[in-house]
Amino acid sequence: MPNSTRVLVVGAAGSGHREAAAEIAESLGAWLLNLDPADQDPLPPCAVTLRRPDGALDGTYFVGSLSLIHDPLASQNAAWCAVERVGGEPLVAAMPIQAVTPVSVHTLRMITLALRPSRYVRVGEIAVEHILAAQEVEEHSASQDRLGARAERPKRKAWWTEYLARCSDHEVPLSEVRVRGARLGAGLRLSPSDVADIRRIGVEGAVYAEVCGSTLFILTDEAHGGDHALEAADTFGCQTAHLTAATSLRGLVVAAENAAGRVFAVGRLREFDSARLTFHVSAPVEPPMPIETLLLGRIRIGEDGDELGVLKPWQV
């Protein structure tokens with residue numbers, strides 16, 4: 001059943017739906033969940049944030065991209081975690097409507113299922129009834145000082161430039177942390193001797209490997225043909241193998257999670273040193289960084305703050 005104290009505010013990127021949600025939350029004395037990973041100013045993009053009724057930040061949930069649909073599981077998990085944290089108290093959520101595809105509609109409906117709102121509020125000219133399967137949607141006037149989605153990218157670049165300037169460099173040995181991405185970290189991590197066997201088979205640049213179901217995932221620093229990879233997959237009882245170049249991880253947005261499972265920093269993966277099996281991460285934390293799990297995002301950021309594109313799910 002819908003929760004009578006929950007409101008879902010939706011709108012296109014740059015429509016002002018986040019500001020509208022903040023106004024409604026303030027009027028109700030409610031928690032505020034910002035589900036727009038591209039608009040978290042002054043906090044890092046690529047995350048979802050939960051604020052208490054007094055405006056204080058309560059939690060940061062990493063989704064690793066500027067869109068909820070690039071990692072649907074992370075986005076849905078963020079919504080469920082926020083709902084669990086708030087309990088029965090009033091909650092207002094701001095959710096962006098971006099490209100309308102089967103995947104995006106499914107993701108948005110699953111997030112809506114987690115929230116169970118009793119009120120739907122629309123900001124701007126966007127049809128949401130069929131997307132969210134909502135029967136009644138209230139109207140809210142759009143903010144007049146927003147410039148739209150095209151203005152958001154240069155704003156984020158300026159923000160990233162300033163943010164990276166405040167970061168310190170950290171060495172994170174692969175042997176000392178768990179690594180989790182869209183698929184990396186979901187399987188059984190192979191031992192160094194197993195990885196050595198993969199190199200002997202012919203995948204000479206293999207530095208890390210996992211078995212996830214019937215797939216062998218190999219992180220490598222060299223280019224290889226498919227024959228050796230398939231032989232390696234067969235050796236470990238898999239049907240197929242996915243090879244990802246370690247260089248493709250350069251510039252990836254990452255998050256640091258502590259032993260309690262809370263994200264305490266968002267940063268940028270400068271590079272992966274395959275010789276030392278070490279991640280070099282820039283994050284606004286003084287060393288040593290108390291990291292338990294390194295969360296890999298999907299979007300890559302240049303040293304100058306430019307957005308360099310999104311990796312495919314099988315690459316991370």
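The values are calculated or read from the model by the stated rules, or taken from the named source; none is laboratory data. Worth saying up front: this structure is predicted, and the values here are computed from it rather than measured. We place every Cβ from the backbone using ideal geometry, glycine too, and count neighbours over all the protein chains shown.
Where in region 161-216 are there strands (runs of 3 or more DSSP E), lying fully within it, with 1 or more residues that are farther than 29 Å from PRO284 by Cβ and either aromatic (Phe, Trp, Tyr) or without any contact (Cβ under 8 Å) to a residue 40 or more places away in the chain (or both)?
206-212
Of all residues in region 274-288, how many are touching a Phe, Trp or Tyr at 6+ places or on another chain (Cβ under 8 Å) and either on the phi > 0 side of the Ramachandran plot or charged (D, E, K, R) (or both)?
1
Look at region 25-58 and say how many of its residues are touching a residue at least 40 places away in the same chain (Cβ under 8 Å) and crowded, with 18+ Cβ neighbours inside 10 Å.
Count: 14.
Can you say whether ARG276 is touching a residue at least 60 places away in the same chain (Cβ under 8 Å) and in contact with a Pro (Cβ under 8 Å, 6 or more places away or on another chain), as far as the supplied structure shows?
Yes: the conditions hold for ARG276.
Which condition does ALA260 not pass, out of (1) without any contact (Cβ under 8 Å) to a residue 12 or more places away in the chain; (2) over 28 Å from ARG156 (Cα atoms); (3) assigned to a strand (DSSP E or B), if it passes all the others?
(3) is the only condition that ALA260 fails.
Counting just the residues of region 20-79 that are assigned to a strand (DSSP E or B) and among the charged types (D, E, K, R), which one comes out farthest from VAL92 (Cα to Cα)?
Across region 20-79, the extreme among qualifying residues is ASP58.
Test of understanding: among ARG250, ARG298, ARG268, which residue is surrounded by fewer than 19 Cβ atoms within 10 Å (Cβ to Cβ), farther than 22 Å from LEU188 by Cβ and in contact with a strand residue (DSSP E or B) (Cβ under 8 Å, 6 or more places away or on another chain)?
After ruling out the rest, the residue left standing is ARG250.
If you take the residues of region 271-295 that are buried (at least 21 other Cβ atoms within 10 Å of the Cβ) and under 22 Å from CYS81 (Cα atoms), which of them is farthest from the chain's Cα centre (by Cα)?
ILE291
Listed residues ARG156, ARG166, ARG183, ARG146; which is at pLDDT 80 or above, of a type in the set (Lys, Arg) and buried (at least 17 other Cβ atoms within 10 Å of the Cβ)?
Every option except ARG156 fails the conditions.
For the structure I just gave you, tell me whether GLU138 is at pLDDT 75 or above, surrounded by fewer than 17 Cβ atoms within 10 Å (Cβ to Cβ) and touching a strand residue (DSSP E or B) at 6+ places or on another chain (Cβ under 6 Å). So that I can check it myself, show each step before the final result.
On the way: at pLDDT 75 or above: yes; surrounded by fewer than 17 Cβ atoms within 10 Å (Cβ to Cβ): yes; touching a strand residue (DSSP E or B) at 6+ places or on another chain (Cβ under 6 Å): yes.
Answer is yes for this residue.
Give the residue that is surrounded by the fewest Cβ atoms within 10 Å (Cβ to Cβ), with candidates limited to residues of region 92-124 that are over 29 Å from LEU296 (Cβ atoms) and among the aliphatic types (A, V, I, L, M).
Applying the filter and picking the extreme gives VAL121.
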